[in-house]
Each structure stands twice: as C-alpha cells, then as structure tokens.
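These notes concern the structure reproduced below.
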Amino acid sequence: MPVSQSFALKNRVLLGTLVVLLAMILLAGGWSIPFHYESFSILYKFGKLKLYLRYGKVLGITIALLLFFQVLLASRVKILVQIFSAKSALMLHRINGFIIACLILVHPVLIKASENFTPYTFGKKYYPEFVGISLFFVLFTLSVTAIFRSFFRMDYNRWRLLHRLGATTALLIIPFHVLFVSDTFKSVGVPREAAIVVFSLNILFIAYIWFKRFFQK
C-alpha cells in the first residue's frame, strides 16, 4: 500500500495499540459473564464439576469472540489494513484461526466433564447442544483444511470458496447455539444483548465480504 494511503508509523502504532486494547477489553468482558451472570447449571454444581462448567463456558465465549475477530480480519476493512497492513492482518487471521482450532477441542470436553460425560438423549430440549456439535465439525473442518491445505493438495481458489462458505455457515448457526444453550443468554439482559450485537456485526461483515467477491474486481 502506498505510504500516502496509510497512516504514519507513529499513528499506526498508536491506533494498533488501541485496537488490541479494545479487543482485550471485549474478551475480558466476555470472560466475566460466567462469573457475574451465573446460569442455573453453574449454581447447582459444586467442586470440580462447577469449575469445569464455568471455564468451559469461558472458552465458549472466547471462541465466539475470536470468530468475530476472524471475520473482521477477513473483511480487510480499509482502516484495519491501513493500521496493520494486509500481510499482518492475514498473519493475525491465521494465528487466530489456530487458537480457535485448539479451543474448540477443549471447550466440549470441559462442558461434558461437568456432566460426568453423560451422553445427550435425542430430544427437542437438546437442540442447542446438537447445533453446537454441528458447529464443532464445521469449525474443525475449516481449521484442518486451512492449516493442511498443501497436504490435501487443494486448489487455492476452490479452497477459498469452500472456506468462505463454511465460515458463513458457522457464523449463521452459532447464534442458535449460544443464545439457547444457557439461560444466561436465553433471558433478556446484558449478555444476550451483547451477543446479539456481535452476531449482527458478524452478518454485516460476512455480507460485506461476499459483496466484495461478486461486485468488485
């Protein structure tokens, strides 16, 4: 990018620090939810089971927020590119994706550990959990194919299209998991309203990405 179209180095460092700080504040706010807005499932657990469930929820919220950061980085919003450069934004996108891949392996283990790994029965009340299982497979597939694309010998353009379709699918179904899997987000309040804002922004940025693909060179 030409220097004239970017910020001066001093301003880039300042704005970059501000963006990272805002991201950390958003994460810290998400991490506080299972502590300040305890669900009934947490209230009625004790000892290790309570610990597993609380931190399983913390990881779940972290995954949801990191997905928001992913789509934000993938959209290559002009101001972010001017602050971090397209190359740095891509690198952050890859690192963030690897972190998500690790967290989605741990999150369901902690949740099920809090229930002594009792299997779900097929019933309407468990549909948010089954949405979560579907989400796990979509995100895991996205992560594996992104990390090992060369190993699978996937054509880049075809992989990118499948990657975008998979990411769009994940971002469309994640609200049905988060908003209904726990009464913390079911009832009207700060957690639910904040989640709806994040999910709405996800949809806007995904629409922006597809718009650029079809209507811009």
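Data for the structure
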{"read-out": "Extreme residue, surrounded by the fewest Cβ atoms within 10 Å (Cβ to Cβ), among residues of region 28-68 that are farther than 18 Å from Val181 by Cα and in contact with a helix residue (DSSP H, G or I) (Cβ under 6 Å, 6 or more places away or on another chain)", "value": "Leu66"}
{"read-out": "One residue from Gly60, Gly16 being in a helix (DSSP H, G or I) and more than 24 Å from Thr168 (Cα to Cα)", "value": "Gly16"}
{"read-out": "Residue list for region 152-178, restricted to those being surrounded by 14 or more Cβ atoms within 10 Å (Cβ to Cβ), farther than 16 Å from Thr141 by Cβ and free of Cβ contacts under 8 Å to residues at least 40 places away in the same chain", "value": "Pro175"}
{"read-out": "Among (1) out of contact with any Asp or Glu (no Cβ under 8 Å at 6 or more places or on another chain); (2) farther than 30 Å from Lys10 by Cβ; (3) without any contact (Cβ under 8 Å) to a residue 12 or more places away in the chain - the single one Tyr120 does not satisfy", "value": "(1)"}
{"read-out": "Hey, Tyr120 surrounded by fewer than 16 Cβ atoms within 10 Å (Cβ to Cβ), part of a loop (DSSP other than H, G, I, E, B) and among the aromatic types (Phe, Trp, Tyr) or not", "value": "yes"}
{"read-out": "In region 82-106, residue surrounded by the most Cβ atoms within 10 Å (Cβ to Cβ) [restricted to those that are closer than 17 Å to Ile206 by Cα and either among the hydrophobic types (A, V, I, L, M, F, W, C) or in contact with a strand residue (DSSP E or B) (Cβ under 8 Å, 6 or more places away or on another chain) (or both)]", "value": "Ala89"}
{"read-out": "Failed condition for Lys45, given (1) part of a helix (DSSP H, G or I); (2) over 19 Å from Ile174 (Cβ atoms); (3) in contact (Cβ under 8 Å) with a residue 12 or more places away in the chain", "value": "(1)"}
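All of the numbers you see were taken from the coordinates with simple rules; none came from a lab. Fair warning: this is a prediction, and the values are worked out from it, not measured in the lab. When we count neighbours, we look across all protein chains shown, and the Cβ atoms used for this are built from the backbone with ideal geometry, even at glycine.
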